[in-house]
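One structure is given here, and the rest of the page talks about it.
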């Protein structure tokens, strides 16, 4: 089930941040993505560097910085299997809801280590 999220976009840096509003405990840096985790190890946010280029490639049409600046409706969804964690964003772009696959990676790599 997708969780309603807050959207922030930095047009100068082309960074899109979609977050649940939950307090961030830890983050995992994966190339152009940063996955934020809450205190209960749930995904609380996703940051995408080079967002306009990445989303244009995934969706198959040009997503400009101006369009991203106007995105106000988003949600985060994730699937946790025994061995894998998959992350999806849902963004309302130009009147259409787009399902954006962020990443699938080994679960033990995805869950940050517990801090003492």
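Each value in this text was obtained by applying a stated rule to the coordinates, not by laboratory testing. Every value quoted in this text rests on a predicted model; they were computed, and no experiment measured them. FYI the Cβ positions are ideal-geometry reconstructions off the backbone, even for glycines, and counts take in every protein chain you see.
Overall form of region 3-110: prolate. Here a/c, set by the Cα gyration tensor axes a ≥ b ≥ c, is 1.5 or more, and a/b is the larger of a/b and b/c.
Between region 79-97 and region 1-59, the C-alpha centres lie 11 angstrom from each other. Each peptide in 86-94, 26-34 was scored by the mean count of other Cβ atoms within 10 Å over its residues; highest first, the order is 86-94, 26-34. To the nearest 0.05, how large is the calculated FRET efficiency for residue 8 and residue 82 if R₀ is 35 Å and r is the Cβ-Cβ distance? Efficiency for this residue pair is about 0.55. Report summary: the helix-based calculation at 222 nm, which adds -39500 (n - 2.57) for every DSSP H run with n ≥ 4 and divides by the residues of the chain, gives -3500 deg cm²/dmol. Arranged from fewest to most other beta-carbon atoms within 10 Å of their beta carbon, 53, 23 become 23, 53. To the nearest 0.05, how large is the calculated FRET efficiency for residue 96 and residue 22 if R₀ is 22 Å and r is the Cβ-Cβ distance? Efficiency computed from Cβ-Cβ geometry: 0.20. Rounded if a/c is under 1.5, else prolate if a/b is larger than b/c, else oblate: which is region 1-64, with a ≥ b ≥ c the root eigenvalues of its Cα gyration tensor? Note, shape of region 1-64 comes out prolate.
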